[in-house]
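Shown next, in structure tokens, is the structure this report addresses.
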């Protein structure tokens, strides 16, 4: 385990990991300024649900919390804490008794927190008042496994880990996120995209296929990227540029925006998420708008997905709406 | 050639400087992004130069996208063909044990994903590039320096483009299907790029050898990493030096003891004199390693 960032003699609540869950990682708002070295932002894939969980327990929006995917961990508390779970429908239990999602509640010294089965969505966020006080790498506690950064020794939590909780938590139980400020979790989603990057490599037919197909999320869906099946995109014939490679989907290795959609071989589009590889040699044809990365994050395999084209001005309007929604969330919880 | 600008959603601008790879296109990417870094307007979050392109991540709530776009186009005009630009760079020496036991063991496990299952990666690369044999191929690979044209893919991994005329560039396709494993510090090859795998993991590049030099240190305990976790930077000119197993074992022991220092020298690099006489320019450049 890592030492707390600021040592203090007062006894601190810690969380002992009894069972880690499927791939539970410590995530926060992510890191910025290192993507040119191949170090991606990381952080919670669903930033809105992270903000909600943190808001419920009185933390800053981007404090470190546990990101739970598909299957929850079993955790024992060594002291009292106020906690909340937001995001996917993975309901928490304390000593076997159900607790609500989207609502803050107390746990006592010795309590064991575990989770029910996943009912909808894909990723839930467990925030603890005071935040998780694990190692900071490059300005963030976010776990980036490939680069061994953040988290617990740069990896998902494991049985036996002891997670320190930050001091000064101001959370109180019984706060609730109003239902109109909870995102809908659906197996049929629309994800808004700005076309561009290398979309000129597609024929009109290939472009129409991309936008008209109802894609199905495959099991290859993790923090790095989400891969979809359902069609093949027709590309424009060309003489390969020097250094690009022979496949029609190859380009001279280029930087990949977060949210960009690459289509290796013209099949199975991949949406890169916050642990993205920072560049590579496949054509990208569109980019998911920043707010809808939360929708992708809550997609479980077999989610039916339509990519809906918007222009930049529309994307900025949606971004402003999202900012107002986050402000409303903040107001509702303060 | 004029750059092509594209929005990458609401937070990225993507700029392709050339469709095909060239040292000049990369030089422009580095020169433009260096200027942008110096002038850095508020709201810029990431500046990522790549081989023949670059991208910028920004916060559109702080920096208007169209204002940023105009700024980038203005910088493009000022940089022009980049022939008059001098870049502060480093010459870096990386020792390589070619055909080492570890990448050889790994490549044998993935023969079913390779174009030529009956040859090793380096035998295949030597053959399709018309070399008489592996030793002649190694002489070409380690004979001229490589310009670090992009850092990325995963943490700290450098892409390198050989500083020779196009007709002498080595071209090797990537694996037919990517491997699920690559040893840390493998010297790899895909398309016209050499790379050094900074961490163990999946990969599609051909594997030629391994270096004992650590290039990524997330805990920053090693002497080359007191200021940064990542050693390689865009613009590093890397000279591969072939070593034998005895020297590899010595250097590896030094690395494991946490004492390995990569040889690196600061130099200024000018594109035009290089393009006029690549071999002569490289020869003078590499004298700093002597």
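Every number here is computed from the coordinates shown, using simple stated rules; none is lab data. Since we're looking at a predicted model, the values are computed, not measured. Glycine also receives a Cβ, built like all others from the backbone with ideal geometry; neighbour counts cover every protein chain displayed.
Where does the protein assembly as shown land on Rg/Rh, using Cα atoms and the Kirkwood Rh?
0.98
Test of understanding: express the Cα radius of gyration of segment B:1-126 as a ratio to 2.2 N^0.38 Å, with N the residue count.
1.46
From the C-alpha coordinates alone, can you work out the Kirkwood hydrodynamic radius of chain A, in Å?
By the Kirkwood definition, the hydrodynamic radius is 20.6 Å.
Take the Cα of residue B:279, step 7 Å along the line toward its Cβ, and report every residue of segment B:127-149 whose backbone nitrogen sits under 18 Å from that point.
In segment B:127-149, the label zone of residue B:279 (backbone N under 18 Å from the point 7 Å along Cα→Cβ) covers B:131-132, B:136-146.
Can you sort A:62, A:204 from fewest to most other Cβ atoms within 10 Å of each residue's own Cβ?
A:204, A:62
Average projected area of the Cα convex hull of segment B:101-173, in nm²?
Result: a mean projected hull area of 5.9 nm².
Please arrange A:252, A:194, A:145 by counting, for each residue, the other beta carbons lying within 10 Å of its beta carbon, fewest first.
So the residues, fewest neighbours to most, are A:145, A:194, A:252.
Counting pairs of alpha carbon atoms under 8 Å apart in space and at least six apart in sequence, what relative contact order in percent does chain A give?
Answer for chain A is 20 percent.
What is the P(r) of segment A:209-292, as percent of Cα-Cα pairs per 10 Å bin from 0?
P(r) for segment A:209-292, in whole percents per bin: 18, 50, 28, 3.
How big is the antiparallel share of DSSP beta bridges in chain A, given as a percent to the nearest 5?
Taking every DSSP beta bridge with both residues in chain A, the antiparallel ones total about 90 percent.
Angle check, please: helix B:23-39 long axis (alpha carbons) against the longest principal axis of chain B (alpha carbons), in degrees 0 to 90, nearest 10.
50
When Cβ neighbours within 10 Å are restricted to other protein chains, what is their mean count per residue of peptide A:238-245?
What the average comes to for A:238-245 is 6.
With 10 angstrom as the radius, rank A:97, B:149, A:186, A:290 by how many other C-beta atoms surround their C-beta, starting from the fewest.
A:97, A:186, A:290, B:149
Provide a whole-number value for the mean count of partner chain Cβ atoms within 10 Å of the Cβ atoms in peptide A:274-282.
Average neighbour count from other chains, rounded to a whole number: 5.
What percent of all Cα-Cα pairs in segment A:265-333 falls in each 5 Å bin, counting up from 0?
The calculated distribution, bin by bin, is 3, 11, 19, 21, 21, 13, 6, 3, 1, 0.
Hey, how much of the P(r) for chain B falls beyond 33 Å, as a percent of Cα pairs?
So the pairs more than 33 Å apart make up 25 percent of the total in chain B.
By how many degrees, 0 to 90 and rounded to 10, does the Cα axis of helix B:65-79 deviate from the longest principal axis of chain B?
70
With just the Cα atoms of segment B:211-290, tell me how far they stretch along each of the three principal axes, in Å, largest first.
43, 31, 15 Å, listed from the longest principal axis down.
Among bridges DSSP assigns within chain B, what percent are antiparallel (round to 5)?
That works out to approximately 85 percent antiparallel.
Based on DSSP H runs of at least 4 residues, each adding -39500 (n - 2.57), what is the mean residue ellipticity at 222 nm of the protein assembly as shown after dividing by all its residues, to the nearest 500 deg cm²/dmol?
Calculated at 222 nm, the ellipticity per residue is -6000 deg cm²/dmol.
When you look at the Cβ of every residue in A:28-37, what mean number of other chain Cβ atoms sits within 10 Å?
Taking the mean over all residues of the peptide, I get 6.
If you look at just the Cα atoms of segment A:27-109, how large are its Rg and its Dmax in Å?
Final numbers for Rg and Dmax: 14.3, 47 Å.
Counting only C-alpha contacts under 8 Å and six or more residues apart, can you give the relative contact order of segment B:191-290 as a whole percent?
For segment B:191-290, the relative contact order is 25 percent.
Quick one: what Rg and Dmax do you get for segment A:102-163 from the alpha carbons, in Å?
Looking at segment A:102-163, its Cα Rg and Dmax stand at 13.8, 36 Å.
Based on the inverse mean of 1/r over its pairs of different Cα atoms, what is the Kirkwood hydrodynamic radius of segment A:150-200, in Å?
Taking every pair of different Cα atoms in segment A:150-200, averaging 1/r and inverting gives 17.2 Å.
Helix A:47-56 versus the longest principal axis of chain A: what is the Cα-based angle in degrees, 0 to 90, to the nearest 10?
Once rounded, the angle reads 10 degrees.
For segment B:156-223, what is the convex hull volume of its Cα atoms per residue in Å³?
Normalising the Cα hull of segment B:156-223 by residue number yields 89 Å³.
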